[in-house]
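Below is one structure, written out as structure tokens; the observations come after it.
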Amino acid sequence: ELDDQGMVFDFGHVKKQIKQIIDEELDHRFVISAQAKNLEVKQDKGVCELNWKNVMGSYQHISPESAVLVLDVKTINTKTVAAYLETIILNALPDNVSKVELSLSEEHIDGAYYHYSHGLKKHDGNCQRIVHGHRSKIEIFENHQRNFDLEDYWAACFRNIYIGTQEDIVEEFDIDGKAHVTFAYRAQQGKFSVTLPAKRVYLIDSDSTVELIAQHVALRCKEMKPANHYRVNAYEGVGKGSIAVSK
């Protein structure tokens, strides 16, 4: 229904208020299905602990509650997330708004892309939250020509992987004969840790900002063929990222 201004809802508020809700509910949070197999959820004094297992091994995620979203759905996808957000958004809108429909879509990426998660302990924003993810394209130029084979190689290296920082490792051990690694750090928002199978980890010596990831890829390419020139365009989200050049 129209309000006393003759409007349904001021679009300026749509852009600000609804975007803020979406950012607070989803952005840089670890989103998991409450119906995930073998999942145990413990919440106490503002801390959320998640434990589960699959064929790869055992997992544990500990962080402030604000960094986790457990949805009571079978699968996390665009439809289930949209349905959740529709309810949250509607509750925040004026009474004259009776229904909200939200459409979400994945970014269409032509060519190779990586799909990794990480955490940045030094970041003063939500990037400090451990195991937040990115799905972005990568472009690699070898001697100023696109090398699609290299792009596919690095996309495979960073597919469904946690990019861990060497100095954040606090424990390495076996569970049922499978190697596992625990990463932990304290950041501005609190203590964060994750334990996961070593096969789900790609380890680097530095922090895992997109700038340092791009630099890492460029240097590794250079190590394989020292005489060649490399440029890596590592994206992080839509239309942003980092460029690294190894001459």
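Here, each number is a calculation from the coordinates, and none is a lab measurement. Only a predicted model underlies this, so the values are computations on that prediction, with no experimental measurement involved. Glycine also receives a Cβ, built like all others from the backbone with ideal geometry; neighbour counts cover every protein chain displayed.
Normalised radius of gyration (Cα atoms, divided by 2.2 N^0.38 Å) for region 1-41: 1.92. Selection among A244, V47, N96 by position relative to the dipole of the chain gives A244 as farthest towards the positive end (Cβ unit charges, Cα centre). Local charge for G239 was computed over the other residues whose Cβ lies under 12 Å away, with Lys and Arg +1 and Asp and Glu -1, and equals 0. Amide H to amide H distances under 5 Å link V131 with H118, G119, where only residues 5 or more positions off or on other chains count and H is placed in the peptide plane. Within region 14-66, all pairs of alpha-carbon atoms sorted by distance into 10 Å bins from zero give the percentages 20, 42, 26, 10, 1.
Against the main long axis of the alpha-carbon atoms of the chain, helix 78-92 sits at an angle near 40°. When the listed pairs K15/K74; K225/K247; K16/K137; K45/K178; K16/K45; K53/K74 are checked against a 21 Å cut-off, the alpha-carbon distance exceeds it for K15/K74; K16/K137; K45/K178; K16/K45. Loop-resident GluC sites (Glu not before Pro) (DSSP state other than H, G, I, E or B) in region 92-141 with no more than 10 further Cβ atoms inside 10 Å of their Cβ: E101, E106. Relative to the first principal axis of the alpha-carbon coordinates of the chain, what is the inclination of helix 148-157, with its axis defined by its Cα atoms, in degrees from 0 to 90 and to the nearest 10? In the chain, helix 148-157 runs at an angle near 70 degrees to the longest axis.
Secondary structure note: in region 1-109, about 75% of the DSSP beta bridges are antiparallel. Think of it as helices only: each DSSP H run of n ≥ 4 in the chain is worth -39500 (n - 2.57), and spread over all residues that comes to -6000 deg cm²/dmol at 222 nm.
What you get for the chain, charging only the Cβ of Lys and Arg (+1) and of Asp and Glu (-1), is a dipole of about 740 debye around the Cα centre.
What does the C-alpha gyration tensor say about the overall shape of region 1-144? Classify as rounded when a/c is under 1.5, otherwise prolate if a/b is larger than b/c, or oblate. Taking the square roots of the gyration eigenvalues as a ≥ b ≥ c, region 1-144 is oblate. Normalised by residue count, the chain yields a Cα convex hull volume of 162 Å³ per residue. Taking the Cα centre of region 1-142 as origin and assigning +1 to Lys and Arg Cβ atoms and -1 to Asp and Glu Cβ atoms, the resulting dipole is close to 720 debye.
Counting charges near I130 (Lys, Arg +1; Asp, Glu -1) among other residues having Cβ under 12 Å from its Cβ returns a value of +4.
All other residues whose Cβ lies under 14 angstrom from that of F141 are scored, Lys and Arg at +1 and Asp and Glu at -1, for a net of +2. With the dipole of region 1-137 worked out from charges on the C-beta (+1 for Lys and Arg, -1 for Asp and Glu) around the Cα centre, which of G119, I22, I32 lies farthest toward the positive end? With unit charges placed on the Cβ atoms, the residue in question is G119. Dipole check for region 111-193: with +1 at the C-beta of Lys and Arg, -1 at the C-beta of Asp and Glu, and the Cα centre as origin, the magnitude is about 460 Debye. For region 43-108, applying the loop criterion from DSSP together with a ceiling of 14 other beta carbons within 10 Å to the trypsin sites (Lys or Arg not before Pro) yields K45, K74, K99.
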